[in-house]
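Since the structure comes first, as structure tokens, the remarks are kept for the end.
The values are calculated or read from the model by the stated rules, or taken from the named source; none is laboratory data. Not measured: the values here are computed from a predicted model. As a convention, Cβ positions derive from the backbone with ideal geometry for all residues, glycine included, and neighbour counts pool all protein chains shown. Remember, those area values only see protein heavy atoms, side chains included, never the ligands or the DNA or RNA. Shrake-Rupley method; radii C 1.70, N 1.55, O 1.52, S 1.80 Å.
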Amino acid sequence: MSQQAIVQPAPGKPAKHRSLGANIFLQAAGAGEFRIGAVIFVGVILLSIIAPTLLGLSATKFNVGLKFSPPFPVEGWVWPHFFGTDQLGRDLLVRSLIGLRNALMIGIASVIGMFVIGSAIGMVAGYVGGWTNLILMRITDAQMSIPVIILAITILGVTRPTPLTVILVFILAGWPGYARIARSATMSERRKEYVRAAKILGATDLRVLLVHIAPNILPPVAFVAVLDVARMMIFEAILGFIGIGIQPPTPTFGTIIADGTKYLLNAWWITTIPGLLLAVSLCSINLMGGALERSRNKILQGVS
Amino acid sequence: MLFAIDFFTRRLAQGAIIVVAIALLIFTLLRVVPGDPVRLMLGPMVSATVAEETAKELGLRDPIIVQFGRYIGQVLQGDFGRSFVRSAQGGSTGGSRGESTFDASNRAPVIDLIATTLPYSLLLAGLAFLISLAVALPLGIWAGLNAGKWPDRLALYLSSILVSLPNVWLGLVFIFLISAKAGWLPAIGYQNWTYAILPALVLAVELIPVIVRSVSVSVSSNLLEPYVSVGQIRGLTRRRMIIAHVLRNSSIPLLNLLGIQAVGLVLGALFVVEYLFNYPGIGLLMINAVFQRDFPIIQAIAIFSCAALVVVNILVDFASTTIDRRLQY
């Protein structure tokens, strides 16, 4: 229980000084797993920014003379190809770092999209109530009963996948979850005094929603969305693996892993090492997201 | 009893509406995207008039809503249509072999294709659930009973790591290490039930963190409820309190989780894992159908998996209300 002791505001100190979001973040930042996750995450990001230029390597340049060079500790590895090279002699370290950038970009963009759209729809449904609420919530019910993968392979399998369509499919699949959370939070806020006070003072509905309700309900949701970034990155890798994600020559984890399956027995590193980098990055995101989620639960249950 | 009848009629009616809505969505999506299935059935060498005739014969040129109405009518009679490309003898007739091999009556009924692949998928899913519950339940309960201490931390870090392993990558690593290098288990295809173990392990790794988290949170929050100390004050042992009351009360969120999250998760991951291991289940059928634009198969599987989720949800809600009568659905 020492974790709680550090982060709970000391008695006497005014607890309401900081915003809800800042409280959650500070409490999470005190947790050990958040720090571990943050260190790994920053390290991987720095690596993906610096390493390609520092090593002077390209992600798409062929070098057939150097093909199937094994990764670092294995005998026969060639400087500076720490992760080895693939069947065309492309450097796997740089390829996976670029793939990581792409995956992160898609993950973050799609989560922001589903967060914005889902929260907007959910808040309107919860605030207006009545028929709007009923219809919107039945739509989310329906959508939540299709697994993301089915929706994604149905749409992407029959259209031409580009980064934009991949992001759009993720948003389409992910918004109902956010809509539900935002709706139930808005419904409980709607009757509170500050909302009524704002209305009596003449605030329009839009103003009440955006200026008064949103800052209270959205930060907790936004923190949990961090976990979804990791989920979307996994989905992106899966789509790339099946061959309906972002298309080559842009390196993504999915295509790198799929390329390597043909050479799994001779050149095991093509598949495994980039995947390991993906797993480590995802783990760092999940550790941070998990810490944020737990501190949110603690604060929301403790305060309200 | 009356409650049960009322509950099921209400929920089944809602569920049916949801399934029809999903069917309409998938149906429309498949028809508005570019790509003509007739071309895939007959191959590129067929003249435009023949292609057009076949399309008309199959009803592919009618307005979408007419096609959908006809389709739903057939589905209600248990007829999910016939595959566009697979022949009844197995193997696919699509591609470049020309019109001579194409015969509308010789194509495999979708319902048969699903019936032959479904048992494999059920075996795989069942095995995955067994493995994950066997690992996750003890770990989750142990972590929940020791909230904040090292078992809790262990469960936390373990599930953070497991949830970060992409299933495609993990599957390949398993194939490489366990099957190719060590030779302990077979991996590709299906000959007997041992072929299901490796894919089931991959699915289980995906399920375990979700179950562990939910069980440990549920158990630890139930331990803080007043009824635990009241029971102990009244002379029940802690062991009896935990086994008879805490675990029972913790099972409601677990049921919810198993129903909604876990079944959804397995349904989604099944497709990828079966594709990866070339396991002849419903997921492989679906992915191949997507590549071949075999619309009837895609529609039928989407409807089936959605209906399965809806039914599981209803059953879970019913079970929860039977355990805890205060819950209202």
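Here are the numbers for this structure:
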read-out: Zone residues, region A:275-302, relative to A:Met187, backbone N less than 20 Å from point 7 Å out along Cα-to-Cβ; value: A:301
read-out: Residue of B:Phe129, B:Phe84, B:Phe318 that the Gaussian network model of chain B assigns the largest fluctuation, springs spanning Cα pairs under 10 Å; value: B:Phe318
read-out: Potential lengthening between B:Lys181 and B:Arg248 on full extension [0.36 nm per residue; Cα-Cα distance subtracted]; value: 19.7 nm
read-out: Computed helical MRE - 222 nm, chain A, DSSP H runs ≥ 4 contributing -39500 (n - 2.57), nearest 500; value: -24000 deg cm²/dmol
read-out: Protein-protein interface of region A:137-159, residues with accessible area decrease of at least 40 Å², isolated chain reference, 1.4 Å probe; value: A:Ala142, A:Ser145, A:Ile146, A:Pro147, A:Ile149, A:Ile150, A:Ile153, A:Thr154, A:Val158
read-out: Selection from B:Gly171, B:Phe84, A:Gly202, by position along the positive dipole direction of the protein assembly as shown (Cβ); value: A:Gly202
read-out: At R0 = 22 Å, FRET efficiency that the Cβ-Cβ distance of B:Leu236 and B:Thr322 yields, to 0.05; value: 0.40
read-out: Electrostatic dipole magnitude of the protein assembly as shown [Cβ: Lys, Arg +1; Asp, Glu -1; Cα centre; debye, to 20]; value: 1940 debye
read-out: Residue-averaged 222 nm ellipticity for chain B, from DSSP H runs of 4+ at -39500 (n - 2.57), nearest 500; value: -22000 deg cm²/dmol
read-out: Simple label model, 7 Å out from Cα along Cβ direction - A:Leu88 to A:Leu26, nm; value: 5.2 nm
read-out: Accessible surface of region B:113-323, 1.4 Å probe, proportion on carbon and sulfur as whole %; value: 69 percent
read-out: Protein-protein interface of region B:296-327, residues with accessible area decrease of at least 30 Å², isolated chain reference, 1.4 Å probe; value: B:Leu309
read-out: Long-range HN-HN contacts of B:Ser83 with modeled amide H, under 5 Å; value: B:Ala108, B:Val110
read-out: Lys pairs under 26 Å by Cα in chain A, provided they are eight or more residues apart or on distinct chains; value: 8
read-out: Nitroxide proxy distance, nm - points 7 Å out along Cα→Cβ at A:Arg138 and A:Leu46; value: 5.5 nm
read-out: Of the trypsin sites (Lys or Arg not before Pro) in region A:218-304, those whose Cβ has at most 16 other Cβ within 10 Å and which sit in DSSP loop; value: A:Lys262
read-out: Interface burial for A against B (accessible surface, 1.4 Å probe, total of both chains, Å², rounded to 100); value: 3800 Å²
read-out: Shape category assigned to chain B from the gyration tensor of Cα positions, a/c cut at 1.5; value: oblate
read-out: Theoretical FRET efficiency, 1/(1+(r/R0)^6), r = Cβ-Cβ of A:Val39 and A:Asn297, R0 25 Å, to 0.05; value: 0.55
read-out: Principal-axis tilt of helix B:263-277 within chain B, Cα atoms, nearest 10 degrees; value: 60 degrees
read-out: Accessible area (Å², per residue) of the protein assembly as shown, counting only protein heavy atoms and a probe of 1.4 Å; value: 46 Å²
read-out: Computed FRET value (nearest 0.05) for A:Ser19 with B:Leu12, which takes r as the C-beta separation and R₀ as 30 Å; value: 0.05
read-out: Inter-label distance for B:Gln77 and B:Ala134, nm, one decimal - labels placed 7 Å from Cα along Cα-to-Cβ; value: 4.7 nm
read-out: 10 Å Cβ shell holding at most 14 others, DSSP loop, trypsin sites (Lys or Arg not before Pro): longest site-free stretch of chain B; value: B:235-324
read-out: Kirkwood Rh and Cα Rg combined as Rg over Rh, evaluated for the protein assembly as shown; value: 0.98
read-out: Carbon plus sulfur fraction of accessible area for chain A, probe 1.4 Å, in percent; value: 69 percent
read-out: In degrees, nearest ten, helix B:197-223 long axis to first principal axis of chain B (Cα); value: 40 degrees
